[in-house]
Amino acid sequence: MIKGFIFDLDGVITDTAELHFQAWKNLANDMDWEFDREVNEQLRGVSRMDSINIIKEHNAAEISEEKLVELATRKNDIYVDSLDQITPKDYLPGALELLTHLKREGFKVALGSASKNSTKVLQQLDAAKFFDVIGDGNSVSKSKPAPDIFLFGAKELSLKPEECIVYEDAEAGIDAAKAGGFHAVGIGPEERVGHADIRFDSMAEATLFEVKSHFASLFP
Ligand code: BG6
Ligand code: MG
């Protein structure tokens with residue numbers, strides 16, 4: 001039976017992808033690196049250091065590990081400053097309603113994000129109150145597609161993976177959920193999250209009613 005839900009943050013609860021893009025673009029311009037929205041798509045759900053390595057390889061740049069860490073920190077400073085503009089109006093359509101609904105029905109809820117900035121994002125949205133457990137980039141060392149972040153969330157909720165549904169918008173996030181033995185709801189296009197147990201184009205469609213209908217045998 002389903003007793004809990006684990007949510008990715010960026011692209012599921014709120015859309016920070018544009019802010020990540022602007023911050024990486026800013027850094028890339030400084031470095032004279034090529035960086036566009038297509039490359040940015042590859043960074044969805046991927047950790048900060050893995051992201052900068054993808055950008056480095058895209059540019060065939062030769063750069064020391066130490067310098068890469070410094071550049072990733074510079075990008076993060078820009079990104080964190082930009083988070084000040086997020087307000088409780090910036091939930092993705094349907095996300096606030098779903099979180100409210102889950103709390104009302106008594107489900108346990110965890111965050112399972114790759115971001116080390118999740119606390120700040122949740123604070124800006126006034127969303128911390130919906131989560132019993134916060135799992136983020138600071139909670140585990142192996143990032144998605146490894147299942148560790150979701151296993152952390154389930155353990156902290158005292159649930160088994162098969163008792164949890166994971167909401168994810170990233171290919172690596174669905175891989176992580178499946179690798180951990182979770183039920184997976186994909187948010188986004190078929191080519192990105194088509195390997196989820198069920199897929200919706202947006203959070204607005206991924207209501208508790210729809211999810212309960214799909215996983216009917218797993219709900220009382
Ligand atoms: C994920 C985003 O949620 O967090 C990625 O989808 C991002 O794009 C990753 O790189 C790490 O975020 P942060 O805030 O720790 O740099
Ligand atoms: Mg995401």
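Of note:
- Condition met for Leu43 (open to solvent by less than 40 Å² (accessible area, probe 1.4 Å), part of a helix (DSSP H, G or I) and under 28 Å from Leu125 (Cβ atoms)): no
- Any hit, the range 110-123, residues being away from ligand 1 (no atom under 14 Å from the Cβ), within 22 Å of Ala177 (Cα to Cα), in contact (Cβ under 8 Å) with a residue 40 or more places away in the chain and not small (Gly, Ala, Ser): no
- Of all residues in the range 69-94, those satisfying the criterion of being away from ligand 1 (no atom under 16 Å from the Cβ) and either touching a Leu at 6+ places or on another chain (Cβ under 8 Å) or part of a strand (DSSP E or B) (or both) are Thr87, Pro88.
- The range 165-205, residues that are in contact (Cβ under 8 Å) with a residue 60 or more places away in the chain and under 19 Å from Glu97 (Cα atoms): Ile165, Val166, Tyr167, Glu168, Asp169, Ile187, Gly188, Ser202, Met203, Ala204, Glu205
- Enumeration of residues in the range 188-202 that are open to solvent by 10 Å² or more (accessible area, probe 1.4 Å) and within 22 Å of Ile149 (Cβ to Cβ): Arg192, Gly194, His195, Ala196, Asp197, Ile198, Arg199, Phe200
- Within the range 2-24, being assigned to a loop (DSSP other than H, G, I, E, B) and either at positive phi or near ligand 2 (Cβ under 10 Å from one of its atoms) (or both) holds for Asp8, Leu9, Gly11, Val12, Ile13, Asp15, Thr16.
- Members of the range 132-158 found to be in contact with a strand residue (DSSP E or B) (Cβ under 6 Å, 6 or more places away or on another chain), surrounded by fewer than 21 Cβ atoms within 10 Å (Cβ to Cβ) and not β-branched (Val, Ile, Thr), listed by number: Asp132, Phe152, Glu156
- Single residue of Glu34, Glu57, Glu97, Glu66 found to be assigned to a loop (DSSP other than H, G, I, E, B), away from ligand 1 (no atom under 15 Å from the Cβ) and among the acidic types (Asp, Glu): Glu34
- Checked across the range 4-20, the condition of being within 11 Å of ligand 1 (Cβ to nearest atom), touching an Asp or Glu at 6+ places or on another chain (Cβ under 7 Å) and of a type in the set (A, V, I, L, M) holds for at least one residue.
- Residues of the range 154-184 that are in a helix (DSSP H, G or I) and closer than 20 Å to Arg44 by Cα: Glu171, Ala172, Gly173, Ile174, Asp175, Ala176, Ala177, Lys178, Ala179.
- Filter result for Ser113 (within 15 Å of ligand 2 (Cβ to nearest atom), surrounded by 17 or more Cβ atoms within 10 Å (Cβ to Cβ) and more than 23 Å from Ala216 (Cα to Cα)): yes
- Pairs where the first residue, in the range 3-26, is under 20 Å from Val109 (Cβ atoms) and the second is β-branched (Val, Ile, Thr) and at pLDDT below 95, C-beta under 8 Å, 6+ apart: Leu9/Thr16; Asp10/Thr16
The values are calculated or read from the model by the stated rules, or taken from the named source; none is laboratory data. Predicted model only: the values in this text are computed from it and were never measured. A quick note on method: Cβ atoms are made from the backbone with ideal geometry, for glycine too, and the neighbour counts reach across all protein chains shown. With ligands, DNA and RNA removed, areas are computed over all heavy atoms of the protein, side chains included. Shrake-Rupley method; radii C 1.70, N 1.55, O 1.52, S 1.80 Å.
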